[in-house]
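Remarks on the structure that follows.
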Amino acid sequence: MSRQTRVLPGFGPALGLTLTWLSLIVLIPLASVFLRAANLSLSEFWAVVSAPRVVASYKLSFGMALGAAAINSLFGSMLAWCLVRYRFPGKRLIDALVDLPFALPTAVAGISLTALYAKTGWIGQILEPLGIQVAFKPAGVLVALVFIGLPFVVRTVQPVLEDLDVENEEAAICLGAGRWRTFRHVILPTILPALLTGFTLAFARAVGEYGSVIFIAGNIPMVSEITPLMIITKLEQFDYAGATAVGEVMLLISFALLLLINGLQAWAAKRTGRDR
Amino acid sequence: MSIEVRNITKRFGAFTALDDVTLDFPSGELVALLGPSGCGKTTLLRIIAGLERADAGQVLLEGEEASTKAVRERQVGFVFQHYALFRHMTVFDNVAFGMRMKPRAVRPSAAQIRDKVHRLLELVQLDWLATRFPSQLSGGQRQRIALARALAVEPRVLLLDEPFGALDAKVRKELRRWLRHLHDELHITSIFVTHDQEEALEVADRVVLMNQGRVEQTGSPQEVYSHPATPFVYGFLGAVNLFHGRVDGEGVRVGDELLPHDGGVDAPAEGAKVLAFARPYEIDILPEGEGASGMAARVSRVLSFGVSTRVELEGEGGRPFEVELTRERAAGLGLAVGQAVRLTPSNLRVFEYEEGAGI
């Protein structure tokens, strides 16, 4: 640490306090998960976490979470772009609507999405003749995860876009870049770090989502069961050690993925000169 | 490349930004668009660049109608007031951007691009900053990089929107001289927008004065300064003292005093209401005494630094005056704050009085 004068003093107490807080709120509960699972022997542990039904649920949970985060990155950026760059009637309303998935109890979201996408629902009956089934299928999981993850990308990209002057695009166009290349070389690199943050948040939220998914997924073993459901199922059978074992694997995979994305973000920041 | 602007009109809602503007920018000249903020000068520049569309009128680039051409086909270099450098790119990449965006068939090789970028960076005397990011540069450096970036695509026209507006006074003066020097080297048709009359008069070959969406006067700096066509131009190009009066024989009657004038643009009729102007250095101060002639005034401030002394005075009814005297003259008068004196203009310029003339 450098001996520079800071405007806000107290590096020592501040760091101590935040570390204590982080321990109480995050680290100790997470550590207890590992302690619980430690009641199992290694072979028992492996049998639990590698059961075919559980493995299928990992694939579904992480696959759909990544897919939903990707979809949200695309449409969330577009939505943020519209909210920042255009003026249209009802803009404030839409801006406020974006946060709704945050506030809505997830069960409510699950029930209404199921009602919409069921064979008899408004959207479901249009998709049915096309041979597309959403409700009670893996696709339903994706729809629910897209719904709950939307605000993250919009809210992280929006301020960065607001900060990006229209003049930047005009300069690119004057220099001979077309629309696509202006986006590719000027706008995208500028919003990329924020976009990655939004992606990470949406992904993390989607991995842990439970309430909205169980209504629409149908929970068919090996097909549309998510990992959090597996944990709940084990808990309901009083298999606490099994539940924590699965939870532990989920935690490790999530942590590894988040670390990877953070690394990617640091790389993007360095490449674009925001590294301090 | 020559630029012609014909009958351009542009409205933003109820506000008329440009009202039937027709102008010629001959090839190779450096022209200043000068006017107060909101006079439409930036809008005109953006219309020439193609960044804005006129409601009516034409832009001709080298005699060729340009309104159907997209911005990137016009080959204009545009320099923005706030630089608009790409902050995620190094200085090198910023300057190389335009060349890298060329269609594959005409795109220079990486080695050619590298050479050219370094040549341009040398031209703006910032080669040593190639690997830095814009956030690590000073304002003056950023603007020079922005200029190098605009020049990299070999534009046929260079358009600069208040290029020095965001810089401090000293850097501004330096860059002004540097821009003039650069233009003398490159001879590329250039238009720059400014609200600083000193900047326009000092740098440009020709000055276009604009006010409220109209062109007030065009001419060389010398012409517009010494023969202003309208009261607005007179007032905008330097400090002025204003007198309201009426034509009376050979002179102008202001209050009880009869002051001589230079004849004006087109000598107003006897008894006509006129506006009379004098620059601060065109007024002399005489001590108050028996039979002294001139406007009565009272000294309110004496500022002496540099070669001349500036005196601020208050006339009848609190009307402010500003007079510039040589140091010797001021010392001879021994002016003190509160002293009563007489003002006699050596040169009065008269304009016919018009309701709402932009003073």
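Details
- The protein assembly as shown: proportion of alpha-carbon pairs further apart than 37 angstrom, %: 58 percent
- Residue of B:Phe25, B:Phe97, B:Phe12 that the Gaussian network model of chain B assigns the largest fluctuation, springs spanning Cα pairs under 10 Å: B:Phe12
- For region B:185-200 and region A:12-28, distance of Cα centres in Å: 59 Å
- Set of region B:23-46 residues, backbone N closer than 11 Å to the point 7 Å along the Cα-Cβ line of B:Leu60: B:23-25
- Cα pair count fraction exceeding 27 Å, expressed as % - region B:160-306: 41 percent
- Shape analysis of region B:18-128 yields a ratio of the Cα radius of gyration to the Kirkwood radius, Rg/Rh, of 1.01.
- Computed over chain A, the range of Cα coordinates on each principal axis works out to 65, 64, 31 Å, biggest value leading.
- Point-to-point label distance, B:Tyr353-B:Trp128, nm (Cα→Cβ direction, 7 Å offset): 6.2 nm
- Of the GluC sites (Glu not before Pro) in region B:1-73, those whose Cβ has at most 15 other Cβ within 10 Å and which sit in DSSP loop: B:Glu62
- The Stokes-Einstein estimate for region A:1-139, based on a Kirkwood radius over Cα pairs and taken at 25 °C with 0.890 mPa s viscosity, is a diffusion coefficient of 117 µm²/s.
- Chain A - mean residue ellipticity at 222 nm from DSSP helices (-39,500 (n - 2.57) per run, n ≥ 4, rounded to 500): -23000 deg cm²/dmol
- B:Arg114-B:His181 FRET efficiency (beta carbon distance; Förster radius 30 Å; 0.05 resolution): 0.70
- Exposed-loop-free span, longest in chain A, where chymotrypsin sites (Phe, Trp or Tyr not before Pro) count as exposed if DSSP calls them loop and at most 12 other C-beta atoms lie within 10 Å: A:123-237
- Distribution of pairwise C-alpha distances over region B:34-95, 10 Å bins, in %: 18, 42, 29, 11, 0
- Counting only DSSP H runs of at least 4 residues, each contributing -39500 (n - 2.57), and dividing by the residue count of chain B, the helix-based mean residue ellipticity at 222 nm comes to -7500 deg cm²/dmol.
- As a length-normalised measure over Cα pairs under 8 Å and 6 or more apart, the relative contact order of chain B settles at 16 percent.
- Cα-based shape type of region A:105-145, given that a ≥ b ≥ c are square roots of the gyration tensor eigenvalues and the cut on a/c is 1.5: oblate
- Among the listed pairs B:Lys41/B:Lys116; B:Lys69/B:Lys173; A:Lys59/A:Lys137; A:Lys91/B:Lys10; B:Lys41/B:Lys69, those whose Cα-Cα separation exceeds 26 Å are B:Lys41/B:Lys116; B:Lys69/B:Lys173; A:Lys91/B:Lys10.
- The share of Cα pairs per 20 Å bin across chain B, counted from zero up to the longest distance, runs 25, 46, 24, 5, 0 percent.
- Once backbone amide H atoms are built at 1.01 Å from N, B:Ile283 has B:Glu324, B:Ser346 as its partners under 5 Å, excluding neighbours fewer than 5 places away on the same chain.
- Subtracting the Cα-Cα distance of B:Gln136 and B:Thr16 from 0.36 nm times their residue separation leaves 39.2 nm of extension gain.
- For region B:145-218, convex hull volume per residue from C-alpha positions, Å³: 104 Å³
- Remark: spin-label model distance A:Ala70-A:Trp46 equals 3.2 nm, labels positioned 7 Å along the Cα→Cβ axis.
- At an R0 of 60 angstrom, the distance between the Cβ atoms of B:Glu288 and B:Arg6 translates into a FRET efficiency of 0.60.
- Between the beta carbons of B:Leu242 and B:Gln212, assuming R0 = 22 Å, the FRET efficiency works out to 0.70 to the nearest 0.05.
- Taken about its Cα centre, region A:61-137 carries a charge dipole of roughly 200 debye when the Cβ of each Lys and Arg holds +1 and the Cβ of each Asp and Glu holds -1.
- Distance in nm between pseudo-label sites at A:Cys82 and A:Ala107 (7 Å out along the Cβ direction from Cα): 3.2 nm
- Full extension of the segment from A:Arg53 to A:Leu260, taken as 0.36 nm per residue of separation minus the current Cα-Cα distance, would add 71.8 nm.
- Neighbour-limited loop hits for GluC sites (Glu not before Pro), region B:199-270 (at most 10 other Cβ within 10 Å; DSSP other than H, G, I, E, B): B:Glu250, B:Glu270
- Looking at the protein assembly as shown alone, DSSP beta bridges between its own residues are antiparallel in about 75 percent of cases.
- Of the residues B:His261, B:His181, B:His244, the one with the largest accessible area comes first in the ranking B:His181, B:His244, B:His261, computed with a 1.4 Å probe on protein heavy atoms.
- Region B:106-181 and region B:212-254: distance between their alpha carbon centers, rounded to Å: 38 Å
- Under the criterion of Cα pairs below 8 Å and six or more residues apart, the relative contact order for region B:166-266 equals 14 percent.
- From the alpha carbon centroid of region B:1-75 to that of region A:72-110 is 39 Å.
- Loop chymotrypsin sites (Phe, Trp or Tyr not before Pro), region B:299-359 (other Cβ atoms within 10 Å of the site Cβ: 15 or fewer; DSSP): B:Phe305
The values are calculated or read from the model by the stated rules, or taken from the named source; none is laboratory data. From a predicted model like this one, the values you see are computed outputs, not experimental measurements. Every residue, glycine among them, receives a Cβ derived from its backbone with ideal geometry; neighbour counts consider all protein chains shown. Protein only, heavy atoms only, side chains kept; ligands, DNA and RNA dropped before computing areas. Shrake-Rupley method; radii C 1.70, N 1.55, O 1.52, S 1.80 Å.
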